[in-house]
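Have a look at the structure below before the remarks.
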Amino acid sequence: MNPAEPVRSTPAPAGVTGRLTEPESGSLSRMQRRLQAEAYRPGLWGWILPGMITLFAGILRIRDLATPHLLMFDETYYAKDAYALMLAGYELVWPEDADDSWLTGEPQPTGEGGYVVHPPLGKWLIALGLRVFGTESAFGWRISGALAGTLAVLLIALIAQRMFRSVFLGALAGMLTAIEGHHLVMSRVGLLDIFMMLFCLAAFGALLLDRYSGRRRLAAWAVDPGTEGHRAGGPWLGVRPWRLLAAVLLGAAVAVKLSALAFLAVFGIMVILWDLQARRLAGVERWARSGMLKDALPAVVTVLPLAASTYLASWSGWLATQGGWGRQWHLSHPAEGLARLVPDPLRSLWNYHVSATDFHQGLSSGHDYASTPWTWPFMGRPVSMHYDSVSAGETYAQTGETCAAETCSSAVLDLANPLIWWSGLIALILVTLLWAGRRDWRYGAILSGFVAGHLVWLLFPDRTTFFFYAISYHPFLILALTAIAARVLRVGTAAQRPDGTQRPAATIVAARQRNTVILLCFVMLCVAVSVFFLPLWTAELIPYEQWRMRIWIDSWL
């Protein structure tokens, strides 16, 4: 099979809501096609290409990771919180001059529990890097994020490959992610959002595998002659391990940032709709009732407790100690009534969350780099993580380089690759139109990630938000581009022309080659744009004029 050619799914015949016909019920492969659950074997290249792209992405993310040796933007909170977690099991208060002592490799927190508003898991992950590499170099507090971003490249390549049944399209998605500036910058700073994105993406991948495995089981039931008398209610599909894994991953995402709750809710609705459609296509007569009882209800009673348990486990350090902020709240607020059934540490943790929720809802203070969610798709206000300038002849302390121009600049700007980002916006619009017209489940799945990662923020118009929050839906923007690329690959490759005449085989092959070249040219152009903007993403010291040449819009300043 040509890896550049996506396998086309066979649409279900219209009106399939009742009992299957004999030819259909006798063919497992036909039923699997109807349920869009055919086996897919990408072969050796399906692993080699994603592996090579992931290695390339890792090099981009780890190269000169310790530069600059500064606490950039919110690293000043999360790196120090990570160190405190290693030290005490909970966050600590730091003195006002803590950044100076931190950068000299001598962190000196106080012994007082600190009040923070984000759950601990992302900071525990940063702490892993600090444990291995120490605080003497910025490499220590950034390496975990770099590895998370690198792993995300592998996941997006494999997910796209499976969704579109094409090694080529999987490689395209992986390559676009590897070179994209927003993803690159967020992988090279010690912030939390890259971890939340990774867990949400991994959960999405697990739900895809659950979709395929569940539908294959449903197909086997549908063609089994022994089920003829049980068509009304359909089968119980038993334990669904991929769905349970997704629950753990979504719980972990929420344990990084509470905004991941939107993914838990939206993905839950998406999965229920998938299950209902599957039962309808399999010929279950009471498919809605059956789906809610045998799929949705078991999902609710397993996924939610498992996700909640995963989230609670991330607080184990705070729960197992006594000095964390608010840990002893229950002592001054004795339980009354039914509240006595809840362990005191959990009541204190609940009060902590009430306080954090009030903080998030009331967060409306101004910030130079704040931006509303409406501007994120247009990249109206990227976040400057770091900027420094050096005059002619001076040595730049971060790299030891001497400025050879009149003025030199070093920057880390959370700026997306404009070609990928703006093309992705167009792709999202097209995917929305295609979903409305064709109801292809893949388009709906892509839009679900965009809704959870972006549109949910529109519900909080007064809250202070930043462009780097958009990293949570970054994989779905890439998948939208991949979906449009899949459409491009099919242009002119149908066996028949619109007028009904047959296309010669040579014409079809030529069309496939042409379409592949078009997409390769797009990727190469994206690579060229990334090379151009790379100095703004990696703190490279360049002449001021070259830095200014890359600031295309004044709001990027």
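Just so it is clear, none of the values below were taken in a lab; they were calculated from the coordinates. Only a predicted model underlies this, so the values are computations on that prediction, with no experimental measurement involved. Cβ coordinates were reconstructed from backbone atoms using ideal geometry, including for glycine residues, and neighbour counts include every protein chain displayed.
Miscellaneous remarks
- Working note: Cα atoms of region 28-130, range along each principal axis, descending, whole Å: 67, 31, 21.
- In units of the rule-of-thumb radius 2.2 N^0.38 Å, region 334-417 shows an alpha carbon radius of gyration of 2.02.
- Modelled label positions at Ile518 and Leu425, each set 7 Å beyond Cα in the direction of Cβ, lie 2.3 nm from each other.
- An ellipsoid equivalent to region 415-557, defined through the eigenvalues of its Cα gyration tensor, has semi-axes of 35, 24, 10 Å when rounded to whole angstrom and sorted largest first.
- Filtered trypsin sites (Lys or Arg not before Pro), region 399-463: DSSP coil and at most 14 other beta carbons within 10 Å: Arg439
- Spacing of the two label points (7 Å from each Cα toward its C-beta) at Arg340 and Arg548, in nm: 7.4 nm
- Note on Gln328 and Ser137: with the Förster distance fixed at 22 Å, the Cβ-Cβ geometry gives a FRET efficiency of about 0.05.
- Note on the chain: Cα-only Rg and Dmax are 25.9, 87 Å.
- Reachable lysines, given that their alpha-carbon falls under 16 Å from the alpha-carbon of Lys257 and they are not under 8 places away in the same chain: Lys123
- Take the Cβ atoms of Asp100 and Asp388, set R0 to 22 Å, and the FRET efficiency comes out at 0.85.
- Degrees separating the helix 505-537 axis from the principal Cα axis of the chain, which is the longest one: 10 degrees
- Per residue, the average separation of C-alpha pairs within less than 8 Å and at least 6 apart gives the chain a relative contact order of 18 percent.
- Stretchable slack from Arg289 to Leu312, in nm (0.36 nm times residue separation minus alpha-carbon distance): 5.0 nm
- Mean projection area, nm², convex hull over Cα of region 183-258: 6.6 nm²
- Region 284-438: relative contact order in percent, alpha carbon pairs under 8 Å with at least 6 residues between: 13 percent
- For the chain, the longest principal axis of the C-alpha atoms and the axis of helix 344-361 are separated by about 90°.
- For Met385, nonlocal amide neighbours, meaning residues 5 or more places apart or on other chains whose placed amide H falls under 5 Å from its own, are Val412, Leu413, Asp414.
- The chymotrypsin sites (Phe, Trp or Tyr not before Pro) found in region 249-303 include none that occupy coil by DSSP while having at most 15 further C-beta atoms within 10 Å.
- Per-pair calculated FRET efficiency, R0 = 30 Å: Leu525 and Leu458 via Cβ, rounded to 0.05: 0.40
- Virtual spin-label span in nm between Ser355 and Ala510, 7 Å along Cα→Cβ: 7.3 nm
- Percentage relative contact order, region 231-289, counting C-alpha pairs under 8 Å, at least six apart: 59 percent
- Mean Cβ count within 10 Å, highest first, over the residues of peptides 378-385, 412-419, 549-556: 412-419, 378-385, 549-556
- Between 0 and 90°, nearest 10: helix 45-62 axis offset from the chain longest Cα axis: 10 degrees
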